[in-house]
Amino acid sequence: FTPAAAWPCLSACALAMAEAGMQGPCSCEEVSEEKVYLAAAVVVSVAQRLEKSFSGHVRLISDSSDVWAPPPVQLATKSALQELASLLRLASLVEVTAERARRASKLSAFVDSRVLSAIEHTQRVQQLASACQLDG
């Protein structure tokens, strides 16, 4: 429910805070399930917003020619690419941390499902960005 003009600043702040929380003072063996959940929730939220931006760039086949539909939420290409790069970095960190927590049996099924959702959303955004030739 963030206005489009405010979204880049808000998402950058959310991504940075989640990443800082994941890389906080915990030791390598100690994994905070709360931090994993929070970071996964941020990944899902940002990915959903990017999905809306990229999803309009799908090829519409008409009788006479191919037409590209504009995205419903237009983001500047540079901003979208920066946001995607930050999203991918955080999603990778979430995935690695969650895997470590799984091996230590410190990840509940609820949090694990949120992590899996974050990974799925991130993969979908990557595919949409590739289809738009934006991930470069």
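Bear in mind that the values in this text are calculations on the coordinates, not laboratory data. None of the values given here were measured: they were computed from a predicted structure. Using ideal geometry, Cβ is built from the backbone for each residue, glycine included, and neighbour counts are taken over all protein chains shown.
Charges on Cβ only, +1 for Lys and Arg, -1 for Asp and Glu, centred on the Cα centroid of the range 89-136; of Ala101, Ser130, Ala118, which one is farthest towards the dipole's positive end?
Ala101
Please compute the length gained on full extension between Cys13 and Arg124, using 0.36 nm multiplied by the number of residues separating them and subtracting their Cα-Cα distance.
Numbers: separation 111, 0.36 × 111 = 39.96 nm, distance 2.24 nm.
Here the answer is 37.7 nm.
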